Amino acid sequence: MWNGIIRTLSRRAGKLRRSIVQQTRISPLLKSVAANAVVLEIGGGYNPRYRKADRPNVYHLDHCSTEELRAKYAANPGTAHQVGDIQEVDFVFTGTPIETLIPPTLKFDVIYGSHVLEHQVDLIGHFQSLEKVLKPGGRVIEVIPDLRACFDALRYPSVTSDALLVHMKRAPIHQGKQVFDSVALEIDKNQGHRMRGADFDGVRFSSSLRAAHDAMLAADLPGQRYADTHAWVFVPDSFRLLMIELRLLGLIQLEPTYVSPQYGNQFCAVLARAEPALAEMTPRVLLALEKERFALAKRLRV
């Protein structure tokens, strides 16, 4: 009985938290995008945030063409009613860097993605591409799953070495380790709020450990096709730590100017081009970043 009461209270607290954060922080942020801003939305699919009918300068990038998206989601009873919301796709992602798909003269005030960052193969390469197509003073808005509030709730946050390894290998698809972690630790519930204690009652792994190992071995065989998975998993602090470390290594120049608390099954991060670049950082700036890095690492320790 008590566990049932605790689960109910947990759900209600999660809904209240989501409502407060959305109304006070996220909605004002998304509404702050000017009506005439040049916007690139990545992976809007059947649920786009920015629509061409409302904004004159919105472009959409997705993993397949408009017709293919409509056919894909029309075949799913859960999404068939939203096919009419699919926007005309301007750029189809083919696995090559994003900047190669977009005319060199086209730059964006805002780049928006919701629940797409965790699917990228080369996270560092993706950030580098965003920098190249972002206008000076522009910003990237990412809505990112919080691993504690979805089917990744038993996974460990991705760390900088994970991103470095994939970037060094230049692999075209997700690595075996990422596939293994995703399959081996995925649970059969997607609660939509931060899971605690009694929320795990009755929860099971979605797949066997053997199935995860087989998927790992298959992913590293030559000629494999891309298999979609949550390759990267974060909480707000682990995301901030990753971005600081990649900047200190000189691999990216984006920095989080805002990272929201967890709300629902996600959090929101706003990124902008940081100044100065690594080579021009003063000892004072480096020290401040190192202090922030240490504080985040300490908060994340098990």
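The values are calculated or read from the model by the stated rules, or taken from the named source; none is laboratory data. Predicted, not measured: the structure shown is a model, and the values here were computed from it. Because the Cβ atoms are built from the backbone with ideal geometry, glycine has one as well, and the counts that use them run over all protein chains shown.
Results for (1) surrounded by fewer than 22 Cβ atoms within 10 Å (Cβ to Cβ); (2) among the β-branched types (Val, Ile, Thr); (3) touching a helix residue (DSSP H, G or I) at 6+ places or on another chain (Cβ under 6 Å), shown as yes or no for each residue.
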site	(1), (2), (3)
PHE93	yes, no, no
THR96	yes, yes, no
VAL110	no, yes, no
LEU117	no, no, no
GLN128	yes, no, no
GLY137	yes, no, no
VAL140	no, yes, yes
SER161	yes, no, no
Open item on the list: Here's a check for you: in the stretch 19-34, which residue that is part of a helix (DSSP H, G or I) and in contact with a strand residue (DSSP E or B) (Cβ under 9 Å, 6 or more places away or on another chain) is modelled with the lowest pLDDT?
Closed with: SER19
- [ ] State whether one or more residues within the stretch 222-229 are free of Cβ contacts under 8 Å to residues at least 40 places away in the same chain, out of contact with any Cys (no Cβ under 6 Å at 6 or more places or on another chain) and over 22 Å from SER114 (Cα atoms).
- [x] yes
Open item on the list: Whether any residue in the stretch 167-177 is within 16 Å of LEU242 (Cβ to Cβ), crowded, with 21+ Cβ neighbours inside 10 Å and touching a Phe, Trp or Tyr at 6+ places or on another chain (Cβ under 8 Å) is what I want to check.
Closed with: no
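Looking at the stretch 171-187, which of the residues that are outside any loop (DSSP other than H, G, I, E, B) and of a type in the set (S, T, N, Q) is modelled with the lowest pLDDT? So that I can check it myself, show each step before the final result.
To start, the set of residues in the stretch 171-187 that are outside any loop (DSSP other than H, G, I, E, B) comprises 176-185, 187.
Remaining after also requiring of a type in the set (S, T, N, Q): 178, 182.
Numbers: GLN178: 93, SER182: 96.
Among those that are outside any loop (DSSP other than H, G, I, E, B) and of a type in the set (S, T, N, Q), it is GLN178.
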- [ ] Go through the stretch 35-138 and tell me which strands (runs of 3 or more DSSP E), entirely inside it, have 1 or more residues that are among the hydrophobic types (A, V, I, L, M, F, W, C) and farther than 30 Å from LEU249 by Cβ.
- [x] 58-62
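Please pick out the residue among GLU255, GLU290 that is surrounded by 16 or more Cβ atoms within 10 Å (Cβ to Cβ), among the acidic types (Asp, Glu) and at pLDDT 95 or above. Even if it seems obvious, please write down each step before you answer.
Working: GLU290 fails: surrounded by 16 or more Cβ atoms within 10 Å (Cβ to Cβ).
After applying the criteria, what remains is GLU255.
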TODO: Would you mind stating whether ALA198 is farther than 24 Å from VAL166 by Cα, of a type in the set (Gly, Ala, Ser) and either touching a strand residue (DSSP E or B) at 6+ places or on another chain (Cβ under 6 Å) or outside any loop (DSSP other than H, G, I, E, B) (or both)?
DONE: yes
